[in-house]
Amino acid sequence: MRRQLNLYGERILGRLVKWLIRLLRRADPDRTSDFCGSAARRIGPWLPAHRIGQANLRAAFPDKDTAWIEATLRDAWENLGRVAGEYVHMARIWDFDPAHPDTGRIQTDDAWLFDQLRLDGQPALCFAAHLANWELPAIAAAAHGLPSAVVYRMPNNKAVAREIVRIRAPLMGRLIRTRAQAALEMAAALSAGEHLGMVVDQHFSRGVDVVFFGRQCKANPSVARLARRFDCPVVGVRVVRLPDHRFRIEGFGPYDLPRDQDGQVDVTAATQMITTIIEGWVRENPGQYLWFHRRWR
């Protein structure tokens with residue numbers, strides 16, 4: 001009986017999401033972002049995940065008072081709502097013009113880095129974090145002509161997953177699901193000369209121990225392990241949300257990762273280096289970070 005109820009619930013959720021995506025797609029991208037951001041800002045503090053965010057921010061910023069924490073979390077809820085509203089309009093949002101990199105919705109001073117990666121004849125690893133609209137780095141790679149692959153987590157609901165893949169596939173190159181064979185698929189992508197991107201700032205139970213905001217946690221070592229195996233460039237990409245529905249995409253690197261006495265990439269030290277870089281990004285824009293995940297366990 002419970003299994004049947006769960007099945008019915010999954011079907012209803014899938015239909016609701018498909019209906020919502022179609023509804024949002026008909027609206028203007030800016031209005032959709034504003035509406036979803038405003039709704040999340042109001043509703044988010046009433047949800048159980050808000051308590052996770054409070055605990056995370058108290059741990060990360062012990063010197064900040066309650067008013068700052070609550071204001072930052074409301075900004076984080078708004079950012080999350082905007083990401084949801086922008087998701088169905090990703091193709092329309094991307095309007096970067098290389099001839100005018102400081103105008104339009106998408107801005108960057110680092111197009112040279114994407115060009116360098118495209119022309120160097122090597123595969124590359126790109127890490128990002130859940131900042132601003134974290135879907136944009138994957139679109140940036142494909143838009144600059146980089147043969148690319150993106151690691152993503154498949155939602156449990158199959159209907160929702162199909163909608164997400166349908167939106168992502170034309171914009172982001174090869175999609176690699178996080179599953180048992182993902183490591184083989186990632187290695188295959190690099191062997192084929194592709195540029196592999198992944199978000200690496202959340203808890204990873206099979207990860208290595210690192211320090212994030214002064215507290216120990218588990219981090220995904222995939223970037224470091226693959227860099228050790230393929231000895232390819234490693235870069236970081238972050239997105240900063242700007243006023244008036246604009247974004248700045250910033251590229252960093254290629255990085256010189258720590259190496260062991262044999263000259264091989266030191267997986268633990270390199271993962272810590274990447275974690276520290278991400279911490280610096282978050283400190284600059286804490287209200288644009290996804291604080292509602294249990295990072296420390």
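Nothing in this text is a laboratory measurement; each read-out follows from the coordinates by a stated rule. Nothing here was measured: the structure is a model prediction, and the numbers come from that model. Note that each Cβ is placed from the backbone with ideal geometry, even for glycine, and that neighbours are counted across all protein chains shown.
Can you give the extra length, in nm with one decimal, that the chain gains between ASP231 and ASP95 once fully stretched, where that is 0.36 nm per residue apart less the Cα-Cα distance? Let's see the in-between values first.
Working: separation 136, 0.36 × 136 = 48.96 nm, distance 3.32 nm.
Working it through step by step, the gained length comes to 45.6 nm.
Please report the net charge: other residues with Cβ closer than 12 Å to the Cβ of SER222, K and R +1, D and E -1.
Summing Lys and Arg as +1 and Asp and Glu as -1 gives +3.
Taking R0 as 35 Å, what FRET efficiency do you get between ARG297 and ASP34 from their Cβ-Cβ distance, rounded to the nearest 0.05?
0.50
Below 13 angstrom from the Cβ of GLY44, what's the summed charge of the other residues (Lys, Arg +1; Asp, Glu -1)? Walk me through the numbers before you get to the answer.
On the way: positive: ARG41, ARG42, ARG51, ARG74, ARG82; negative: GLU70, ASP75, GLU78.
Once all neighbours under 13 Å are counted, the net charge is +2.
By how many nm would the segment from ILE52 to ARG177 lengthen if fully extended, with 0.36 nm per residue of separation less the alpha-carbon distance?
On the way: separation 125, 0.36 × 125 = 45.00 nm, distance 2.63 nm.
My answer for the length gained is 42.4 nm.
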